[in-house]
Amino acid sequence: MGNWVINYWLSVLFLATWLGLNVFLFVHAFLSYEKADKYFYTREILGSALAWARASARCLNFNSMLILLPVCRNLLSFLRGTCSFCRRSLRKQLDHNLTFHKLVAYMICLHTAIHIIAHLFNFEHYSRSRQATDGSLASILSTLSQQEKDEDSWLNPIQSPNMTVEHVTFTSIAGVTGVIITIALVLMVTSAMEFIRRSYFEVFWYTHHIFIIYFIGLGIHGIGGIVRGQTEESLNDSHPHRCAEFFKQWDNHDSYCKHPRFEGLPAESWKWILATGILYIFERILRFYRSKQKVVITKVVKHPSNVLELQMSKRGFSMEVGQYIFVNCPSISYLEWHPFTLTSAPEEDFFSIHIRAVGDWTESLIRAFEQKHSPMPRIEVDGPFGTVSEDVFQYEVAVLVGAGIGVTPFASILKSIWYKFWHADHNLKTQTIYFYWICRETGAFAWFSDLLASLEHEMEELGKVDFLNYHLFLTGWDTNIAGHATLNFDKATDILTGLKQKTSFGRPMWDNEFSTIANAHPKIGKAAC
Amino acid sequence: MGQIEWAMWANEQALASGLILITGGIVATAGQFTKWGFGAYSIAAGVFVCLLEYPRGKRRKGSTMERCGQKYLTRVVKVLGPLSKNYYVRAVLHLGLAVPAGFLLATLLGTACLAIASSIYLLAAFHGEQWTPIESKPKERPQVGGTIKQPPSNPPPRPPAEARKKPSEEEAAASAAVSGGPQENPVLVVDEVV
């Protein structure tokens, strides 16, 4: 429990603040519409549904403003860089940007549901009041526009008893934009479901761009002024507390109370979303600008199991260990940017990524590079992004755990440690490394085994055999492989990988591993991916 | 874009539309809105759509994540035959189900979403996709009895073919033989475990 608190206290604080703000905005707006005199007559027709609709609208504005921020990755990188004096745990929060984006999206869906249901009741109440012939306050209020000299002083948007709510919906700006942006929201959510996103990324990526329709629609949703409150002037001369019960006498010339006059609420959504909207536009322009910078491909290596290594260089590019870049190949797709962890060390004069063929885009890319007779496709790079894993170098003993594809940042880390060691970098405090590599089968990561083999070899040459201790765990073994392993038990190198350390099968027993290491060393730094 | 299975997205969209239809229907019926009869219809249509769409179909390539508890509904949906398998039929069905709900504001959103799901299903049908149920393979029970084979009938040490009738004593004394079987060991053999 204590460990959980240490690791997650900042996330919990951040989320609690966000939820707290949501609750505050909701309750504040709710009370203001439920109690204010300005809406006394409006509430007479609509009841509490007015307050529910307005409160959820306020939260929708707030969350729509927030949702664009976590996806401005260049802005986040900028924050990360400028806040280098900030605690690491603060900067690490920036890595969870997509989780926050999804949480805000769920909140938007929830408030959309509340908002729509409340407005359905509102329209129904307006319709009933318009059709009522019982002479109640509500029905008098509904017929107001027909009697006043100034046409704009109506309260009920349903102007005639024959008008259906469907008709009002599609003839008012609020109604039409509301329907359109809700459909856009539903499409965005269904195409972003994890199953669809992971299996058919293009469907998600292209459909998600209808957020543009959502934001434009949200901005103009309120300009019709369909939510009406009593004007200041009217409140002064005919306050509802004084005049409401005498509504039957409003028509009389000698009555103290005149007909109340109403005005529409001005649109406020645009005020919320304008700033972050502009920030996001800047972000996209910046991504476009950075993508236009020339990327030179210095080397292309084809590894077994359909893995392609691309070594590139770009003017002004500087990276740290554990970071990733976004790559775009215009000849395959103009709009798709895919993230890849950097596998090169910062000390090298190029940066590299290893690409495995797992889907449409990656397969097309690998095929494009395999064409011997056509020129190499142009690559655009944006980045690097991500929190740096430089903490690893601060510990004398480092335990690194890489599972499956998570082994890629460790390629960068191990290479960097090697370079620092070689150049006797004083910042490198690491004396011993325990590296645990867990994967189903090594086929896809044969390039990483080669890296380990060369590191092992160089350690031997330097006589520092115990600097790098690595353990490889294969979880996808069967009796055939195990049989082979037992037969070749006495061989010096492992038959599967050719490394000096033997491969283990199954998952590591962490209790044993950690206690062995803990007994040997007092202070350990651990990194896992 | 070549490997997209549109039906998978259509399925998510249709499931969402079903839920929206149910919600809109409940609001209209509970609030006793004008024309709330359409609301009651919408609840029924929404429930039907949700039940039909809940079992996810099998992907053409790769493994498919089943929805929680979908295997019970898979059996029912399978029985419906072309209604569930053919996506043209599904597209028309969804469009037909959506239309009546379009007459009421509360369920209008459900209509729009279901109509979009219907058009994505139409696209899927053009691409020749169809719904295949995800069935769990029956577990292969290891036949315990089957792996035990009869011990070899003529185990070593074997005398040379000419002397088959007269087993030589040196060979008999050499190694441990499998017990049982028609071989008769002239000397008592002991299994030594190293």
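Readers should treat all values here as calculations from the given coordinates under stated rules, not as data from a laboratory. Treat the numbers as computed from the prediction; the structure is a model and nothing was measured. When we count neighbours, we look across all protein chains shown, and the Cβ atoms used for this are built from the backbone with ideal geometry, even at glycine.
Here the Karplus relation 6.51 cos²θ - 1.76 cosθ + 1.60, evaluated at θ = phi - 60°, turns the backbone of region B:90-97 into coupling constants of 4, 4, 5, 4, 5, 5, x, 5 Hz, with x for every Gly and Pro. Here the Debye sum runs over all C-alpha atoms of region A:173-249 as equal scatterers in vacuum, and log10 of I(q)/I(0) at q = 0.11, 0.18, 0.23 Å⁻¹ comes out as -0.51, -0.78, -0.95.
Applying a DSSP loop filter and a limit of 14 other Cβ atoms within 10 Å to the chymotrypsin sites (Phe, Trp or Tyr not before Pro) in region A:328-425 leaves A:TYR334. Per-residue mean of foreign Cβ neighbours for A:108-116 is 1 (Cβ atoms of other chains, 10 Å radius). Here the 3J(HN,Hα) profile of region A:153-168, calculated from phi with Karplus coefficients 6.51, -1.76 and 1.60 at θ = phi - 60°, is 9, 8, 10, 8, x, 7, 7, 9, x, 8, 6, 8, 5, 5, 4, 4 Hz, Gly and Pro shown as x.
Using only helices, what value at 222 nm comes out for the protein assembly as shown when you add -39,500 (n - 2.57) per DSSP H run of length 4 or more and divide by the total residues, to the nearest 500 deg cm²/dmol?
So the helix-based figure for the protein assembly as shown works out to -16000 deg cm²/dmol.
Dimensions of the protein assembly as shown along the principal axes, based on C-alpha atoms and rounded to the nearest Å, stand at 137, 69, 59, largest first.
For A:LEU400, the amide hydrogen comes within under 5 Å of the amide hydrogens of A:TYR434, A:PHE435, A:TYR436, A:ALA527, counting only partners 5 or more places away or on other chains and with H modelled in the peptide plane.
Each 10 Å bin from 0 upward holds the following percent of the Cα-Cα pairs of region A:294-385: 16, 55, 28, 2.
The mean number of partner chain beta-carbon atoms within 10 angstrom of a residue's beta-carbon across peptide A:162-168 is 3. Positive end of the dipole of region A:123-228 (Cβ unit charges, origin at the Cα centre): among A:GLN159, A:ALA138, A:GLY175, the Cα lying farthest that way belongs to A:GLY175.
Hydrophobic, long helices, defined as DSSP H runs whose alpha-carbon span along the helix axis is 30 Å or greater and whose mean Kyte-Doolittle value is at least -1.0, occur in chain A at A:2-35, A:97-131, A:269-292. Inter-chain Cβ neighbour count for B:25-35, averaged per residue, equals 3 (cutoff 10 Å, partner chain atoms only).
Among the GluC sites (Glu not before Pro) in region A:111-216, those placed in a DSSP loop whose Cβ has at most 15 other Cβ atoms within 10 Å are A:GLU148, A:GLU151. Given 10 °C and 1.306 mPa s, compute D for region A:382-497 with the Stokes-Einstein relation, Rh being the Kirkwood radius over Cα pairs; round to the nearest whole µm²/s. Result for D is 102 µm²/s. Once you've got the Cα coordinates, tell me which of A:LYS92/A:LYS523; A:LYS302/A:LYS372; A:LYS299/A:LYS372 are over 18 Å apart. Over 18 Å Cα-Cα: A:LYS92/A:LYS523. Across region A:1-285, the mean sequence separation of Cα contacts (distance under 8 Å, 6 or more residues apart), normalised by length, yields a relative contact order of 20 percent.
Sequence-ordered 3J(HN,Hα) estimates for region A:252-260 from the Karplus curve with 6.51, -1.76 and 1.60 and θ = phi - 60° stand at 5, 5, 9, 6, 5, 9, 9, 4, x Hz, glycine and proline given as x.
Only one residue of B:GLY25, A:THR479, A:GLY386 has its Cα farthest out toward the positive end of the dipole of the protein assembly as shown, where Lys and Arg carry +1 and Asp and Glu -1 on Cβ, and that residue is B:GLY25. Measuring max minus min along each principal axis, the C-alpha atoms of region A:191-303 give extents of 94, 32, 18 Å (largest first). For A:PHE505, the residues whose amide H sits under 5 Å from its own are A:LEU474, ignoring neighbours fewer than 5 places away on the same chain, with H placed 1.01 Å from N. Among the chymotrypsin sites (Phe, Trp or Tyr not before Pro) in region A:22-98, those located in a DSSP loop and surrounded by at most 10 other Cβ atoms within 10 Å of their own Cβ are A:PHE85. Per-peptide packing, taken as the mean over residues of other Cβ atoms within 10 Å, places A:400-409, A:249-258 in the sequence A:400-409, A:249-258 from highest down.
Dipole size of the protein assembly as shown about its Cα centre, with +1 on Lys/Arg Cβ and -1 on Asp/Glu Cβ: approximately 760 debye, rounded to the nearest 20.
Annotation: amide H of A:ASN306 has no partner in the under-5 Å range at sequence separation 5 or more or interchain, hydrogens built in the peptide plane. Near A:ALA403, once Lys and Arg are set to +1 and Asp and Glu to -1 for all other residues with Cβ below 10 Å from its Cβ, the sum equals +2. Projecting the Cα atoms of A:VAL307, A:PHE369, A:GLY322 onto the charge dipole of region A:294-385 (Cβ charges, centred on the Cα centre) puts A:PHE369 farthest toward the positive pole.
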